[in-house]
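Would you mind keeping the following structure in view while I ask a few things?
The values are calculated or read from the model by the stated rules, or taken from the named source; none is laboratory data. A quick note: this is a predicted structure, and the numbers were derived from the prediction, not measured. Cβ placement follows ideal geometry from the backbone for every residue including glycine, while neighbour counts extend to all protein chains displayed.
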Amino acid sequence: MNQTISRRAFLKGGLAAAAGVAASGVPGVKTAMGSDGSGHLATLIDIRKCIGCEACVEACNDANLHKYPEPRKPFPKMYPSRVKVSDWSEKRNEIERLTPYNWLFIQHATVAVDGKEIELTIPRRCMHCVNPPCVKLCPWGAGKQMKNGISKIDADICLGGSKCKDVCPWDIPQRQTGVGLYLKLMPSLAGNGVMFKCDRCYDRLARGETPACIETCPEQVQSIGPREEILAKAHALARETNGYIYGETENGGTNTIYVSPVPFEELNKAIAKGDGKPHLEPVHDAMAEANNLTAAMLIAPVAGVAAAAFKFMKNMSKQD
Ligand code: SF4
Ligand code: SF4
Ligand code: SF4
């Protein structure tokens, strides 16, 4: 059976789903207020220890190869047409920034510590915010937050609209065109690919393993544990080394806590920033602003539409 979803069927299923979401409580926003991080796993990244060897980057690529996109080409017409094609499939070896095929990269900063100029190297990836706007504001329900605090994007539901990237204070998620559900929405209705980012090796954690980047690091730069313990460890380390902390309060708190020997303002000035190269600026709580009725009402009409389309497709597959 042809699995192409007609525009009418997609809208019909989507509106039913939206109605379901509305009936369940706060429409469009899965949890009106974020959690306090209890039960979340967090990582501590001790910047002093990182030697920039990139073993973690390679390990991330190896561990997640099976999740990387295999786009169909030629790409269909983008919708809306102003959206640019984002194709990293011919640049899979790019490891100097975040891409759909590289979820972790090493940033470099030349700074002065105790009067001496040194180069610091900083592993960068998704911060796994305690109250992640990428999850809470995804209009299609593709962003998920697990009980242990991991945020991930469901590649079966994501339409690549980039809302998660727009609302992420660090612009973390990266789009690949030519892959995902949108290819089956004909004639074109919405979407232009799938967004990708670090999912904190949720599958390895579920098997009782450690995230690949943490396991591989020869310098034990990262450690993982309950957020309260990681915060206590970060404060102890900062006290002991006269260090500085990033991630405890940024965006209302994240599950990635950096400790640096120099202030983050200095690190932020020294790193290369831009698309796929996140900053280290102070970040206010994005969800505190988004968690108001206006935001909820704006999001409500389309919430759950993609989830419904996915369900619809699964039902169609069963009829094959
Ligand atoms: S493997 Fe460890 S030391 Fe090497 S770049 Fe990654 S975090 Fe730094
Ligand atoms: S850093 Fe960005 S992509 Fe990661 S959880 Fe926070 S909002 Fe989402
Ligand atoms: S936690 Fe897993 S997916 Fe995330 S950067 Fe590390 S290896 Fe990559």
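Residues of segment 188-211 being surrounded by fewer than 21 Cβ atoms within 10 Å (Cβ to Cβ), outside any loop (DSSP other than H, G, I, E, B) and either hydrophobic (A, V, I, L, M, F, W, C) or near ligand 1 (Cβ under 10 Å from one of its atoms) (or both), which ones?
Correct list: L205, A206.
Looking only at residues in segment 212-238 that are under 19 Å from the mean Cα position of the chain (by Cα) and in a strand (DSSP E or B), which one is nearest to N148 (Cα to Cα)?
Filtering first and then ranking leaves I224.
Right, here's the next one. Going through segment 224-238 one residue at a time, which ones are surrounded by fewer than 19 Cβ atoms within 10 Å (Cβ to Cβ) and either not assigned by TED's automatic domain parsing to the domain that holds M127 or not hydrophobic (A, V, I, L, M, F, W, C) (or both)?
If the condition is that a residue be surrounded by fewer than 19 Cβ atoms within 10 Å (Cβ to Cβ) and either not assigned by TED's automatic domain parsing to the domain that holds M127 or not hydrophobic (A, V, I, L, M, F, W, C) (or both), then G225, P226, E228, E229, K233, H235 are the ones that fit.
A follow-up question, please. Would you mind finding the one in I118, I122, I45, I106 that is buried (at least 16 other Cβ atoms within 10 Å of the Cβ), over 21 Å from V167 (Cβ atoms), in the same structural domain as E228 (by TED's automatic domain parsing) and free of Cβ contacts under 8 Å to residues at least 60 places away in the same chain?
Among I118, I122, I45, I106, only I106 is buried (at least 16 other Cβ atoms within 10 Å of the Cβ), over 21 Å from V167 (Cβ atoms), in the same structural domain as E228 (by TED's automatic domain parsing) and free of Cβ contacts under 8 Å to residues at least 60 places away in the same chain.
Something else now. Give the residues of segment 239-265 that are surrounded by fewer than 18 Cβ atoms within 10 Å (Cβ to Cβ) and part of a helix (DSSP H, G or I), sorted by residue number.
Result: R239, E240, T241, E265.
Give the residues of segment 125-154 that are touching a residue at least 60 places away in the same chain (Cβ under 8 Å) and more than 10 Å from ligand 2 (Cβ to nearest atom), sorted by residue number.
P139, W140, G141, A142, K147, N148
Being under 18 Å from G149 (Cα atoms) and small (G, A, S) narrows it down to one of G243, G274, G253, so name that one.
Result of the check over G243, G274, G253: G253.
Among the residues of segment 61-77, is there at least one that is out of contact with any strand residue (DSSP E or B) (no Cβ under 7 Å at 6 or more places or on another chain), aliphatic (A, V, I, L, M) and at pLDDT 50 or above?
Yes, the conditions are met somewhere in segment 61-77.
From (1) more than 16 Å from ligand 3 (Cβ to nearest atom); (2) over 10 Å from the mean Cα position of the chain (by Cα), pick out the condition that doesn't hold for D171.
Result: D171 fails condition (2) only.
State all residues of segment 102-120 that are within 16 Å of ligand 3 (Cβ to nearest atom) and touching a helix residue (DSSP H, G or I) at 6+ places or on another chain (Cβ under 8 Å); if no residue qualifies, say none.
N102, W103, L104, F105, I106
Hey, another quick one. Only one of P261, P301, P278 is in the same structural domain as G37 (by TED's automatic domain parsing) and either within 16 Å of ligand 3 (Cβ to nearest atom) or modelled with pLDDT under 50 (or both); which?
Of the residues listed, the single one that is in the same structural domain as G37 (by TED's automatic domain parsing) and either within 16 Å of ligand 3 (Cβ to nearest atom) or modelled with pLDDT under 50 (or both) is P278.
Of everything in segment 127-145, what is among the hydrophobic types (A, V, I, L, M, F, W, C) and either within 15 Å of ligand 3 (Cβ to nearest atom) or closer than 18 Å to T249 by Cβ (or both)? Give them in sequence order.
Matches in segment 127-145: M127, C129, V130, C134.
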